[in-house]
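The values are calculated or read from the model by the stated rules, or taken from the named source; none is laboratory data. Remember, it's a predicted structure, so these values are computed and weren't measured experimentally. We place every Cβ from the backbone using ideal geometry, glycine too, and count neighbours over all the protein chains shown.
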Amino acid sequence: MADTLSWPALIAQLLSGTDLSISEATWAMDRVMEGEVTEAQLAGFLVALNAKGETVDEIVGFRDAILDHALPLAVDPFALDIVGTGGDRFGTVNVSTMASIVAAASGVPVIKHGNKAASSLSGSSDVLRALGVDLELEPERVAAVLGEAGISFAFASKFHPGFKNAGAVRAQLGVPTVFNYLGPLCNPARAEASAVGVAHLDRVPLIVGVFQTRGATALVFRGDDGLDELTTTGHSHIWEVSRGSVKEHDLNPRDLGIPIAKIEQLKGGDAEFNADVVRRVMAGEQGPVRDMVVLNAAAGLAAYRLALDPTQVDRPLLERLEEQMTVARTTLDTGAASRKLDQWVAATRS
């Protein structure tokens, strides 16, 4: 089939409203990753795809091609990734980064995958640099740090060099494209357990569908306020993916004893500001940010436990979150989270 495919043919297919097959989507992303596409072709393809609307099969094909071209990361995939899609435009503090540190300090191997800021002033890589984490590591060192510290970071621009082939077009278009939602699905570690926040409701079925297709375990969630986190300003919706099935849940933070926060209490700033927030929360500071970190860390821990034991899906999710919130709070209160951060920084610089 590959011999019969071309950019004009695929663009025309999308313009006619016809979905791509997995193999057609894989062909297209292979060409992008290899730089075998002009800016005009890629722009036309991305705009036509966006106008038609992406399908799960298309996302699966894109993801497969991206991972096939990723630098190899030789780690045990039985690990956790806590990540958000970005794009919520609220500029909150780095909740998923803090939740990841707490989860790692609780004894769960965490391999984060992230990039520069998408919707905040400071993305995960920006704040980690400000905290002293060396992100410019070769894959072998990323794997070694995971073994030494129990947490490591796969920098998207490092592990997916083919992304640069789409950078100029994405910047020139100035509108969200499929690339905005592929990041959380393309962790080169291929982590078995994921906790993924999604800002835009219409993208949830795509991300949930990819996890179903992979047979992976994930808690996918979105705050009713539009945050790509489990929010504490109101209700959140959760899609629990396990063994190819999906269960939906509505979560009220009050049911977990969490007071309702205002979005202004969760606002972040630049990398240095957010790094200071991380240090204070890891050191045990109380307040709305800690509440949200505990909740999202609990979601990650619950996802990991579900990957270990799929029968957990039969237990009430609220009960499981309560248990893991206790673990997360203890990790913060005993100083384990703060020590884990220090250990991580030291491991990247040894």
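Here are some residues: Ala51, Ala74. Which one is out of contact with any Cys (no Cβ under 7 Å at 6 or more places or on another chain) and in a helix (DSSP H, G or I)? Show your work before the answer.
Values: Ala74 fails: in a helix (DSSP H, G or I).
Just a single option satisfies the conditions, and that option is Ala51.
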task = Would you be able to tell me the number of residues in segment 236-257 that are among the β-branched types (Val, Ile, Thr) and either surrounded by 19 or more Cβ atoms within 10 Å (Cβ to Cβ) or under 12 Å from Gly223 (Cα atoms) (or both)?
result = 2
message = Take the conditions more than 17 Å from Asp64 (Cβ to Cβ) and in a loop (DSSP other than H, G, I, E, B) and apply them to Val145. Does it pass?
response = no
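For the structure I just gave you, tell me whether Asp19 is among the acidic types (Asp, Glu), surrounded by fewer than 20 Cβ atoms within 10 Å (Cβ to Cβ) and either touching a Pro at 6+ places or on another chain (Cβ under 6 Å) or not in a loop (DSSP other than H, G, I, E, B) (or both). Walk me through how you get there before you give the answer.
Working: among the acidic types (Asp, Glu): yes; surrounded by fewer than 20 Cβ atoms within 10 Å (Cβ to Cβ): yes; either touching a Pro at 6+ places or on another chain (Cβ under 6 Å) or not in a loop (DSSP other than H, G, I, E, B) (or both): no.
So Asp19 fails the test.
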remark   = Those residues of segment 79-115 which are farther than 25 Å from Leu201 by Cβ, in a loop (DSSP other than H, G, I, E, B) and over 15 Å from the mean Cα position of the chain (by Cα) amount to Ser106, Gly107, Val108, Pro109
ask   = When only residues in segment 97-123 that are within 17 Å of Gly150 (Cβ to Cβ) and of a type in the set (Gly, Ala, Ser) count, which is surrounded by the fewest Cβ atoms within 10 Å (Cβ to Cβ)?
value = Gly107
query = What pairs come up if the first residue lies in segment 180-191 and is hydroxyl-bearing (Ser, Thr, Tyr), the second is part of a loop (DSSP other than H, G, I, E, B), and their beta carbons are under 7 Å apart, counting only those six or more places apart or on different chains?
reply = Tyr181/Thr85
task = Go through segment 272-288 residue by residue and tally those that are out of contact with any helix residue (DSSP H, G or I) (no Cβ under 6 Å at 6 or more places or on another chain) and in contact (Cβ under 8 Å) with a residue 12 or more places away in the chain.
result = 4
key: Output for segment 213-235, where each listed residue is at pLDDT 95 or above, closer than 30 Å to Asp64 by Cα and either of a type in the set (S, T, N, Q) or loosely packed, with under 15 Cβ neighbours inside 10 Å (or both)   = Thr217
